[in-house]
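This report concerns only the one structure given below.
Coordinate-derived values only; no laboratory data. As the structure is a computational prediction, the values presented were derived from the model and not from experiment. Please note: Cβ atoms are built from the backbone with ideal geometry, for glycine as well, and neighbour counts cover all protein chains shown.
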Amino acid sequence: MSLWLPVLLALLISALGGLYLLGAFRRRRPKEPPLDKGHIPWLGHALDFRSNSVEFLQKMQRKYGDIFTVLLGGYYFTFVMDPLSFGSIVKEAKSNFDFTHFAKQLVARVFGYHSLEDEHKVLETSNKHLMGDGLVIMTQAMMENLQNLMLHSIGTVKGQKEWQYDGLFHYSYNILFRAGYLALYGNETVRRMGSKEKAKEFDRVHSEELFNEFRKYDSLFPRLAYAVLSPKEKLEAERLKNLFWNMLSVEKTTQKDNVSRWIFDQQHFRQEQGMAEYMQDRYMFLLLWASQGNTGPASYWLLLFLMKHPEALKAVKEEVEKVLKETNQEVKPGGPLINLTRDMLMKTPILDSAVEETLRLNTAPVLIRGIMQDMDFKMADGREYTLRKGDRIAIFPYIAVQMDPEVHPEPHQFKYDRFLNPDGTKKADFYKNGKKVKYFTMPWGAGLSMCPGRFFATNELKQFVFLMLAYFDFELVNVEEDIPPIDQSRWGFGIMQPAHDIQFKYRLRF
Ligand code: HEM
Ligand SMILES: *[C@@H]1O[C@H](CO)[C@@H](O)[C@H](O)[C@H]1NC(C)=O
Ligand SMILES: *[C@@H]1O[C@H](CO)[C@@H](O)[C@H](O)[C@H]1NC(C)=O
Ligand SMILES: *[C@@H]1O[C@H](CO)[C@@H](O)[C@H](O)[C@H]1NC(C)=O
């Protein structure tokens, strides 16, 4: 008899422990934000959040207002939906809100990469190569690789005088991915290939292959991040990861020419820290993901919005022609390729505004920080809440600010000059409740984890559109066709993708 008591007790304790883990006992404490655990233990609202984050969060916002806590897959997330209160999250000390711990977990699951202790420091020191003076070199490399991919058949018999047909999403993503990859990870050496032409051809073929595999991983990605792949898809994801680790390995990269300083430094620092080489290879893929997953889809939206808004297309085209003229360059048959420099790209306020507007409409990252200790949190209007250690705090700027009709009137409309003042300078004054909103659009995130590639990415987008306008005529095959809807499964990961492609045609202008 007496033997049963410990067994029963043990069972009881583990059952209670289980319930505790499932969150059954969590109650809202005084001064905490409204709490909604949903009906499913542990998962909470994870399924609704995953199937359409925007719809779910809008529903919660209507119900609870601009701060609330929801259970998502074992974690309690406090969402702050008031843009005027973002500053106190973004700028909060690391001892209160931590970004790295959460990011490390995700990166380990999705990329199999186990971080260094001072991982983020390494990133911060290399990032200078993507900004300022570093950008002059990156712009040059990007331009040469873009021209290799877009214009290589100029002057050949095949030429491109005839209309070429392609899916716009496929074309834009393909070109930007491959050119960005070559500019960052280097290109094939003339030494190994025998001639410059052969080396260039190798780059074109090899980057195409990489792109095709990348797209497969890309489409598995949201479900991989939510850990809901089928066994077969899991195998495929493993295969792809191994393929990328191999294709981007340190061994292969060191044989390339013109590897960017950004990539070079990252690899070099890790080597010096004594990281195993296979782990460095994994990191190379992580960087490929961060650097190439967003810019291609963004370029698709940008070109599509321009095609759908002739007044915007006209304004941007005039700007491009003006900049070319000012630098005494002209696109003509048999003439030299244009030399599109960083300086030229700093004289395009209209294109800048069109890029910013495109990102406002279609970039939807979720910013997450771990709450490191029990703390007080003050909203901009003075309301005070307490937050619990171990929970997470999250911002979803797409709903909270980018689509707020008070900050951005007619938020679903593409207005190419939304970010321009009447005098043609960059506009940065946006208001809510009569107060100036500092974070009026946040495609790059903010604070410590803000995208270090934002200047380079903006440049890439502008270069691509610049070259398209300078060299090609292009239009939708069916000009009446509507803009394809957004694929709802990717909210929270960055730039959105369309649910399906749209056909367009292009041909050389001369
Ligand atoms: C339109 C293109 C792009 C968009 C919309 C974008 C967006 C973002 C966002 C929202 C984050 C922050 C995620 C967070 O707060 O957790 C991020 C991080 C990052 N991005 Fe970008 N990005 C773009 C292009 C690029 C490019 C071209 C590069 C590199 C050349 C790059 C490199 C990175 C890196 C390394 C991080 C991680 C930063 C960290 O952990 O501190 N991104 N990006
Ligand atoms: C490799 O890229 C550089 C720019 O980074 C460019 O100058 C060079 O022409 C490219 N080489 C080949 C063989 O395409
Ligand atoms: C690319 O690398 C080759 C070989 O090292 C070098 O001759 C060339 O100047 C580099 N190009 C650029 C744009 O850095
Ligand atoms: C383009 O212009 C820049 C700056 O004027 C110059 O340094 C560079 O060599 C030029 N590139 C080519 C390919 O002419």
Checklist entry - Between Thr254 and Lys63, 0.36 nm times their residue separation minus their Cα-Cα distance comes to what? => result 63.2 nm
Checklist entry - What percent do you get for the relative contact order of the chain when only Cα pairs under 8 Å and 6+ apart count? => result 22 percent
Item to check | Arg26-Asn212 FRET efficiency (beta carbon distance; Förster radius 56 Å; 0.05 resolution) | outcome: 0.75
Item to check | Folded to 0 to 90 degrees: helix 4-22 orientation relative to the chain principal axis, Cα | outcome: 40 degrees
Item to check | Distance from segment 55-96 to segment 114-145 (C-alpha centre basis), Å | outcome: 31 Å
Item to check | Radius of gyration and Dmax over the Cα atoms of segment 253-305, both given in Å | outcome: 14.6, 47
Checklist outcome for this item: Correct semi-axes for segment 359-426, from √(5λ) of the alpha-carbon gyration tensor and rounded to whole Å with the largest first, are 33, 14, 10
Next on the checklist: Show me the trypsin sites (Lys or Arg not before Pro) within segment 320-353 that DSSP assigns to loop and that have at most 15 other Cβ atoms within 10 Å of their Cβ.
Outcome noted: Lys347
Next on the checklist: So if I take the alpha carbon set of segment 337-453, get Rg, then get Rh from the Kirkwood formula, what is the Rg over Rh ratio?
Outcome noted: 1.06
Checklist entry - What pairs in Lys121/Lys436; Lys63/Lys378; Lys128/Lys256; Lys121/Lys200 have C-alpha atoms more than 31 Å from each other? => result Lys121/Lys436; Lys121/Lys200
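Relative to 2.2 N^0.38 Å, what does the C-alpha radius of gyration of segment 406-497 come to as a ratio? Two decimals please.
On the way: Rg = 16.5 Å, N = 92, 2.2 N^0.38 = 12.3 Å.
It is 1.35.
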Next on the checklist: With a cut-off of 8 Å between alpha carbons and a minimum separation of six or more residues, what is the relative contact order of segment 55-200 in percent?
Outcome noted: 11 percent
Item to check | Residues whose placed amide H lies under 5 Å from that of Lys432, excluding near-sequence neighbours | outcome: Val437
Next on the checklist: For segment 64-119, compute Rg over Rh where Rg is the Cα radius of gyration and Rh is the Kirkwood radius from the inverse mean 1/r over Cα pairs.
Outcome noted: 1.05
Checklist entry - Say the dipole of the chain comes from +1 at the beta carbon of Lys and Arg and -1 at that of Asp and Glu; which of Leu461, Phe221, Tyr181 then lies farthest toward its positive end? => result Phe221
Checklist entry - With +1 on each Lys and Arg Cβ and -1 on each Asp and Glu Cβ, how big is the dipole of the chain about its Cα centre, in debye rounded to the nearest 20? => result 860 debye
Item to check | segment 281-383 - charge dipole about Cα centre, Lys and Arg +1 at Cβ, Asp and Glu -1, debye rounded to 20 | outcome: 160 debye
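Would you kindly state how much longer the chain becomes between Gln164 and Glu197 on full extension, computed as 0.36 nm times their sequence separation minus their alpha carbon distance, in nm to one decimal?
Extending this stretch completely gives an extra 9.5 nm.
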Item to check | Dipole of the chain, positive direction: furthest Cα of Leu123, His39, Thr100, with charges on the beta-carbon | outcome: His39
Next on the checklist: Between Leu448 and Arg204, what is 0.36 nm times their sequence separation minus the Cα-Cα distance? Round to one decimal in nm.
Outcome noted: 84.2 nm
Checklist entry - Could you list log10 I(q)/I(0) for the chain at q = 0.06, 0.08 Å⁻¹, which the Debye formula gives when each Cα is one point scatterer? => result -0.32, -0.56
Item to check | Cβ-based charge dipole, the chain, positive-most Cα from Thr363, Asn328, Thr341 | outcome: Thr363
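R0 = 25 Å: FRET efficiency of Arg223 with Glu124, Cβ-based, nearest 0.05?
Working: r = 31 Å, r/R0 = 1.25.
That gives a FRET efficiency of 0.20.
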Item to check | 0 to 90° range, to nearest 10: angle between helix 196-225 axis and the chain longest Cα axis | outcome: 20 degrees
Checklist entry - So what J values fall out for segment 457-473 if you push phi through Karplus, 6.51 cos²θ - 1.76 cosθ + 1.60 with θ = phi - 60°, rounded to Hz, Gly and Pro as x? => result 4, 4, 4, 4, 4, 5, 4, 4, 5, 4, 5, 4, 6, 6, 9, 10, 8
Item to check | Distant-in-sequence amide H partners of Glu32 (H built 1.01 Å from N, under 5 Å) | outcome: Thr386
Next on the checklist: Let me check against my output: what whole-number percent is the relative contact order of segment 408-510, with C-alpha pairs under 8 Å and at least 6 apart?
Outcome noted: 19 percent
Next on the checklist: Output the 0 to 90 degree angle, nearest 10, between the alpha-carbon long axis of helix 295-308 and the longest principal axis computed from the alpha carbons of the chain.
Outcome noted: 70 degrees
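Just to verify a number: FRET efficiency for Thr425 and Asp133, C-beta to C-beta distance, R0 = 41 Å, to 0.05?
E between Thr425 and Asp133, to the nearest 0.05, is 0.95.
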Checklist outcome for this item: Rounded to the nearest 5, the percent of antiparallel DSSP beta bridges in the chain equals 85 percent
Item to check | Two-decimal Rg/Rh across segment 272-369, once Rg and the Kirkwood Rh are taken from alpha-carbon atoms | outcome: 1.13
Checklist entry - Glu475's amide H: which non-local residues (gap 5+, or another chain) put their own amide H closer than 5 Å, with H modeled 1.01 Å from N in plane and none for Pro or chain starts? => result Lys505
